[in-house]
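Structure, as structure tokens:
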Amino acid sequence: MQRTVAPSMLSADFGHLDRDTRMIDRSAAEWVHIDVMDGVFVPNISFGFPVLKAIRRATAKFLDVHLMIVEPEKYVARFVEAGADLVTFHLEAAADPAECIARIRRAGAKVGLSIKPATPVEALRRWLPEVDLVLVMSVEPGFGGQSFIEGSIAKIRELRAMAREMGLGTIIEVDGGISAANARAVYDAGAEVLVAGSAVFKAADPEAEIRRILGA
Ligand code: DX5
Ligand code: ZN
């Protein structure tokens, strides 16, 4: 299975957003992960459209937007206009996931669906044929720098088996507490895309850290 790393810009230095984005652009990472938080779905607020647009100007890489917001259907099209290649919303946040999926597709982006650590994989079954990607949260959403929840490995395996059984090539992305130390176990469980925030941006050599995660 292909391996991709998506550095999370939440851990970048916002005083040097252009510099940090260009660093990722030069790196072996193929995706850039963008965490949008509204202070309601999660107890933290990050950034929105103007910051996404600035990141879009600084990289040609695949922009992976992770919405941790309530009423995602209201905003998904605007995130696509601002530069998202993929928009992921939370199953727990959407009153009408089908409408949300339709709006993302109509705007021209790929569709991702995310679940928090306490949400069972089974809740995804009905939506799996409709989405391109599932984002499994391996920490409680809201903050970077938390420890990986070990139970996530079993969820990734279960999801990979479910997708296979349904004949789907669903991309599995995992987000939270990823480092070179656990990347191999997460890829081996069936994930293809690993998000890494603090592991990348707190490293002395972020580009080398990205290569370490990819080669773990
Ligand atoms: C958490 C965000 C993550 C976060 C990951 O709510 O969704 O993308 O930035 O950060 P680390 O890799 O530090 O756990
Ligand atoms: Zn994220």
Looking at the range 190-204, which of its residues are within 12 Å of ligand 1 (Cβ to nearest atom), part of a loop (DSSP other than H, G, I, E, B) and surrounded by 24 or more Cβ atoms within 10 Å (Cβ to Cβ)? Gly197
Answer residue from the range 143-170, given it is more than 16 Å from ligand 1 (Cβ to nearest atom) and in contact with a Leu (Cβ under 9 Å, 6 or more places away or on another chain) and is nearest to Gly112 (Cα to Cα) among those: Thr170
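If you check Ala58 against the conditions, is it over 23 Å from Ile171 (Cα atoms), at pLDDT 95 or above and more than 17 Å from the chain's Cα centre (by Cα)?
On the way: over 23 Å from Ile171 (Cα atoms): yes; at pLDDT 95 or above: yes; more than 17 Å from the chain's Cα centre (by Cα): yes.
For Ala58, the condition - over 23 Å from Ile171 (Cα atoms), at pLDDT 95 or above and more than 17 Å from the chain's Cα centre (by Cα) - is met.
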Any idea which of (1) of a type in the set (A, V, I, L, M); (2) over 16 Å from Ala6 (Cβ atoms); (3) without any contact (Cβ under 8 Å) to a residue 60 or more places away in the chain is the one Leu52 doesn't satisfy? (2)
Please enumerate the residues belonging to the range 130-142 that are part of a loop (DSSP other than H, G, I, E, B) and more than 6 Å from ligand 1 (Cβ to nearest atom). Val131, Asp132, Ser138, Glu140
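Report yes if Val42 is among the β-branched types (Val, Ile, Thr) and either within 14 Å of ligand 1 (Cβ to nearest atom) or within 16 Å of the chain's Cα centre (by Cα) (or both), otherwise no.
On the way: among the β-branched types (Val, Ile, Thr): yes; either within 14 Å of ligand 1 (Cβ to nearest atom) or within 16 Å of the chain's Cα centre (by Cα) (or both): yes.
So Val42 passes the test.
Which of the residues spanning the range 163-178 are in a loop (DSSP other than H, G, I, E, B) and within 15 Å of ligand 2 (Cβ to nearest atom)?
Residues of the range 163-178 in a loop (DSSP other than H, G, I, E, B): 166-170, 176-178.
Across the range 163-178, the qualifying residues are Gly176, Gly177, Ile178.
Please specify each residue of the range 98-117 satisfying the condition of being within 16 Å of ligand 1 (Cβ to nearest atom) and not in a loop (DSSP other than H, G, I, E, B). Talk me through it step by step, then tell me what you get.
Step one: list which residues in the range 98-117 are within 16 Å of ligand 1 (Cβ to nearest atom), which gives 112-117.
Across the range 98-117, the qualifying residues are Gly112, Leu113, Ser114, Ile115.
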Of the conditions (1) crowded, with 21+ Cβ neighbours inside 10 Å; (2) at negative phi; (3) not hydrophobic (A, V, I, L, M, F, W, C), Gly177 clears all except one; give me its number. (2)
Only one of these is free of Cβ contacts under 8 Å to residues at least 12 places away in the same chain and closer than 24 Å to Ile213 by Cα: Arg3, Arg19, Arg26. Name it. Arg19
Based on this model, can you work out whether Glu207 counts as crowded, with 17+ Cβ neighbours inside 10 Å, more than 14 Å from ligand 2 (Cβ to nearest atom) and not in a loop (DSSP other than H, G, I, E, B)? no
Looking at the range 141-158 only, could you name the residues that are exposed (fewer than 15 other Cβ atoms within 10 Å of the Cβ) and either more than 16 Å from ligand 2 (Cβ to nearest atom) or on the phi > 0 side of the Ramachandran plot (or both)? Gly145, Glu150, Gly151, Ala154
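The values are calculated or read from the model by the stated rules, or taken from the named source; none is laboratory data. These numbers were taken from a predicted model, which means no experiment stands behind them. Heads up, the Cβs are rebuilt from the backbone with ideal geometry, glycines too, and the neighbour counts pull from every protein chain shown.
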